Structures are given as structure tokens and as C-alpha cells.
Amino acid sequence: AFADGTSVVTNLLVGADGAWSRVRPLLSGAAPEYVGMSFVETCLLDADTRHPATAKAVGDGAMFALAPGKAIQAHRESGGTLHAYVALRRPREWFDGIGLPGAAGAARLAREFDGWAPELTALITDADTAPVLRPLYSLPAAHRWERVPGVTLLGDAAHLMPPSGEGANLAMYDGAELGTALAAHPGDVEAALTAYERDLFPRSAAEAADASRLHALMFGDDAPHGLIRMFTGQQ
Ligand SMILES: Cc1cc2nc3c(=O)[nH]c(=O)nc-3n(C[C@H](O)[C@H](O)[C@H](O)COP(=O)(O)OP(=O)(O)OC[C@H]3O[C@@H](n4cnc5c(N)ncnc54)[C@H](O)[C@@H]3O)c2cc1C
């Protein structure tokens, strides 16, 4: 059923509707839980010219400045754009009270990074775009459901996890796998969904466990040493 009052009857309903899926409750009672940390997303534009010190600090690829429970992470995109995620472990409500997306909110967030290098805090205070709050939520890593005729999920609707650089890739992969399963079982949606979910559940559980491990490595109490160990092959 749709918000405009219309409805359709279908023999296949795929919930590809993200973290707050409206389809998921047909299959599972699981609900996303806040992981205890939010990101605030900012961009610096034409950075080599307009923000040279920050452009130099970020370099040509990605830059991670990590401390326990907080981080400034940025990567370079085409056209001299620096795209940053400022991470902070705080209750979800804390972020509602600091004045984001306005300048006051950015200034309040920057105060959490007092004493950090100015070329890094400039990713908060000198942003050329309004800061966007990205609260992080996840579903249980082992999220799965019993087969319900004609209904399935893909992407974040099925396996919301802390950002690990894989979420969008997994969603597209799920879609391709679902299409392949449907094509392999013409006229038998249930057989296709059974085959699709048989692979989906362990794949998603493994990726979600990896994502949680990475999240702990990056923002845990011994940050930045966990990520350094990972990059140097010690973990
Ligand atoms: C801060 C952050 C950084 C990330 N970085 C990366 C990264 O570098 N690489 C990566 O691969 N992933 C990354 N991800 C994860 C990635 O964004 C998600 O995993 C991915 O977007 C999931 O795709 P999806 O199609 O399942 O859901 P979504 O992208 O959320 O798409 C769902 C769509 O459904 C629509 N929708 C929802 N409800 C309804 C409704 N009732 N009716 C109609 N439409 C509806 C929504 O509007 C939306 O367009 C990041 C996530 C976060 C929070």
C-alpha cells in the first residue's frame, strides 16, 4: 500500500528500502540500534587553492586521524574536493542539542577536537558545505528471518552495519544475486528466494562482524594502534 492510498498486488516484494525499511517488519522484528557514535560529514571545495594546508594534510588519498572515541577522517575526491567524516562517540541526543547543521554546531563539534592540528579541525570549521549528521545504527550481525512467501530484503534493509566501506557494494551485490536466483528459477519465486537467502545470511553475517571489528579497531580505546596493526598486517 502506498501513501497516496493506492495499492498493488504482487507475487514478489523486495525490501530494498534501507536502514528504516518499511518491508522488514513483514519478515523480522529486528530494529536498528544506535552504535554509540555518529559521523558528521563535511566537504572542502577547491581545497588545493582555498585550503592548501588541509589539502596537504589529507594528501592524494585518504587520511585517518584517530583517537579513542573520536576521529577526523577525510579523502580526496575529483576536482580538489576533500570529503570528511568527523566521528565522535556520544549519545544520539547529544548531537541534536549542539546546533547542527549551523555554524554554531560546527564550532561546538570542533571544541571536542581542541588541541588537534588546525589543518585537521579546518575540516569542521572551514567546511564549504553545511555539516550533515550521520548517526550510525546497526542491525544484529546475525540478522535473518524465516521464509515468508514472496517477500525478501536486500542491502541495509537486510544487514545494516557500521560503515566499513562495503555497505553500498553489498547492496548492489545482493541485488545482482537476487536477480541471478530469480533467473535461475523461472516461475518459482520461493525456490529463488530460498537460494538467495541461503547465501545472503552467512555473507551478511561475516561482513557485519568484519564491520564491527573495523569499527572497534578504528575508534576503540587503543586507537590509532588497532588500525596501524591492521595496515601493517599484525591484526
Ligand atoms: C557515514 C556513512 C558512510 C558510508 N560510506 C560507505 C562507503 O564508503 N562505501 C560503501 O559501500 N558504503 C558506505 N556506506 C553504507 C552505504 O551508504 C549503505 O550501505 C548503502 O547506501 C545501502 O544501500 P541500500 O540501497 O540498501 O539503502 P539506501 O541507500 O538507504 O537506499 C534505500 C532507498 O529506499 C528509499 N526508501 C526508503 N523507504 C521508502 C519508502 N517507504 N518508499 C519509497 N522509497 C523508500 C530511500 O529513500 C532510499 O533511496 C556508508 C554509510 C554511512 C552512514
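Lys and Arg at +1, Asp and Glu at -1: add these up for the other residues within a Cβ distance under 9 Å of His159 and post the number.
Taking every other residue near His159 into account, the sum is -2.
Per 0.36 nm of contour for each residue apart, how much would the distance between Ala1 and Ala130 grow if the chain were fully extended, relative to their Cα-Cα spacing?
42.9 nm
To the nearest 20 debye, what is the magnitude of the charge dipole of the chain about its Cα centre, counting +1 on the Cβ of each Lys and Arg and -1 on the Cβ of each Asp and Glu?
It comes to approximately 440 debye.
If you put +1 on each Lys and Arg Cβ and -1 on each Asp and Glu Cβ, how big is the dipole of the range 145-235 around its Cα centre, in Debye rounded to 20?
180
Beta carbons within 10 angstrom, averaged per residue: use that to sort the peptides 145-151, 192-198, highest first.
Descending mean neighbour count gives 192-198, 145-151.
State log₁₀ I(q)/I(0) for the range 1-93 at q = 0.10, 0.11 Å⁻¹ as given by the Debye formula over alpha-carbon point scatterers of equal weight, solvent excluded.
-0.51, -0.58
Can you work out ³J(HN,Hα) from phi for every residue in the range 181-198, in order, using Karplus 6.51 cos²θ - 1.76 cosθ + 1.60 and θ = phi - 60°, giving whole Hz and x for Gly and Pro?
Result, ordered by residue: 5, 5, 5, 7, 10, x, x, 9, 4, 5, 5, 5, 5, 4, 5, 4, 6, 4 Hz.
Stokes-Einstein at 4 °C, 1.567 mPa s, Kirkwood radius from Cα pairs: D for the range 34-137 in µm² s⁻¹?
In µm²/s, the coefficient rounds to 96.
How do 217-224, 15-22 rank on mean C-beta neighbours within 10 Å, highest first?
So the peptides 217-224, 15-22, ranked by packing, come out 217-224, 15-22.
Can you tell me the convex hull volume per residue for the chain, based on C-alpha atoms, in Å³ to the nearest whole number?
Considering the Cα atoms of the chain, their hull volume per residue is 163 Å³.
Readers should treat all values here as calculations from the given coordinates under stated rules, not as data from a laboratory. Fair warning: this is a prediction, and the values are worked out from it, not measured in the lab. Quick reminder, even Gly has a Cβ in these numbers, built from the backbone with ideal geometry, and neighbours come from all protein chains shown.
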